[in-house]
Amino acid sequence: MTLPMVVPAQDLPARVRIHEVGARDGLQNEKSVVATEVKAEFVHRLAAAGLTTIEATSFVHPKWVPQLADAEALFPMLGDLDGVALPVLVPNERGLDRALALGVDRIAVFASATESFAKANLNRTVDESLAMFEPVVARAKADRAQVRGYLSMCFGDPWEGAVPVHQVVRVSKALMDMGCDELSLGDTIGVATPAHVQALLAELNEEGVPTSAIGVHFHDTYGQALSNTLAALQHGVSTVDASAGGLGGCPYAKSATGNLATEDLVWMLQGLGIDTGVDLGQLTATSVWMAGQLGRPSPSRTVRALSHQES
């Protein structure tokens, strides 16, 4: 395929690492439970397409996320994926115990920039949730695991509205100060715009959080995910979260639609001449396959366009 035409832009990263979240953030929001074998095949197909960071599952109590209740069964099925990072989400020390027992070496904790979402998602205040994460991060680091700190509601909250930049920066710094290696800034309800993205990134830099430690996680509720991603790239960010086929949303924020589709991201990055290591055709085929498993078409515009051309 000769499209998209490659026209590089100045002052953008030469390479972007895609943090693929479809197998965790995507599937956890499905109404039906996907079979463990199908999840394992999904992760293997994503790896075969060239993705090197694939968030595999979550060690949350099955009562809260029944779609990922099979974490103990799934993770050992991925042991043959050499060279692929397989981070998992852990909510607390019990979740960390379960993950470490399986040899997990990359974990993520999930915090909120707002009190309303912290209460809805974690049943705690922001500061109480940070206190809960401190021993999790400390123990994970002592076990030589890499730790990612997710931060939700960085640009807007369905209950509180606009979220002040300084409020996001405070919680971001708390996560980094407790030992997180990486910070993922989440636009959970998809309300960010490019200048807002760059203002937050600039403030984080001024407060000592380096761009190299920051990833971005955009939802496409208002069609802004790619433009916001480009704004982050222009600031120097080179880690972008995305979900194959655009799977996912947020079970605690009803206005949140799907994540940025990995295929849409790769299409844009290829056109910009930015290396991702991802085979777009193989990735598209994977998302078409998963859409068939779920019984509905992929919401990704790129998946729809490319699969239509091949049919």
Seminar exercise, completed: The lone condition His217 fails out of (1) in contact with a helix residue (DSSP H, G or I) (Cβ under 8 Å, 6 or more places away or on another chain); (2) surrounded by 22 or more Cβ atoms within 10 Å (Cβ to Cβ) is (1)
For this session: For Val65, indicate whether it is out of contact with any Asp or Glu (no Cβ under 8 Å at 6 or more places or on another chain), aliphatic (A, V, I, L, M) and under 21 Å from His217 (Cβ atoms).
Result: yes
For this session: Please tell me if Ala256 is hydrophobic (A, V, I, L, M, F, W, C), part of a loop (DSSP other than H, G, I, E, B) and at pLDDT below 95.
Result: yes
Exercise. From the set of residues in the range 133-172 that are open to solvent by less than 60 Å² (accessible area, probe 1.4 Å) and of a type in the set (D, E, K, R), which is farthest from Thr114 (Cα to Cα)?
Worked result: Arg148
Exercise. Out of curiosity, is Val7 among the β-branched types (Val, Ile, Thr), more than 19 Å from the chain's Cα centre (by Cα) and not in a helix (DSSP H, G or I)?
Worked result: yes
Problem set entry | Every residue from the range 290-308 that is in contact (Cβ under 8 Å) with a residue 24 or more places away in the chain, part of a helix (DSSP H, G or I) and open to solvent by less than 50 Å² (accessible area, probe 1.4 Å) | Met290, Ala291, Leu294, Thr302, Val303, Leu306
Problem set entry | Residue that is surrounded by the fewest Cβ atoms within 10 Å (Cβ to Cβ), among those in the range 180-198 that are in contact with a strand residue (DSSP E or B) (Cβ under 6 Å, 6 or more places away or on another chain) and outside any loop (DSSP other than H, G, I, E, B) | Glu182
Exercise. Listed residues Glu128, Glu41; which is under 28 Å from Arg15 (Cα atoms), open to solvent by 10 Å² or more (accessible area, probe 1.4 Å) and free of Cβ contacts under 8 Å to residues at least 12 places away in the same chain?
Worked result: Glu41
Exercise. Are any residues in the range 10-33 assigned to a loop (DSSP other than H, G, I, E, B), modelled with pLDDT under 95 and in contact with a Leu (Cβ under 7 Å, 6 or more places away or on another chain), and if so, which ones?
Worked result: Glu30
Problem set entry | Positions within the range 126-158 being in contact with a Ser or Thr (Cβ under 9 Å, 6 or more places away or on another chain), small (Gly, Ala, Ser) and in a loop (DSSP other than H, G, I, E, B), in sequence order | Gly156
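The values are calculated or read from the model by the stated rules, or taken from the named source; none is laboratory data. These numbers were taken from a predicted model, which means no experiment stands behind them. Heads up, the Cβs are rebuilt from the backbone with ideal geometry, glycines too, and the neighbour counts pull from every protein chain shown. Accessible surface is based on the protein model in full, side chains and every heavy atom, while ligands, DNA and RNA are left aside. Shrake-Rupley method; radii C 1.70, N 1.55, O 1.52, S 1.80 Å.
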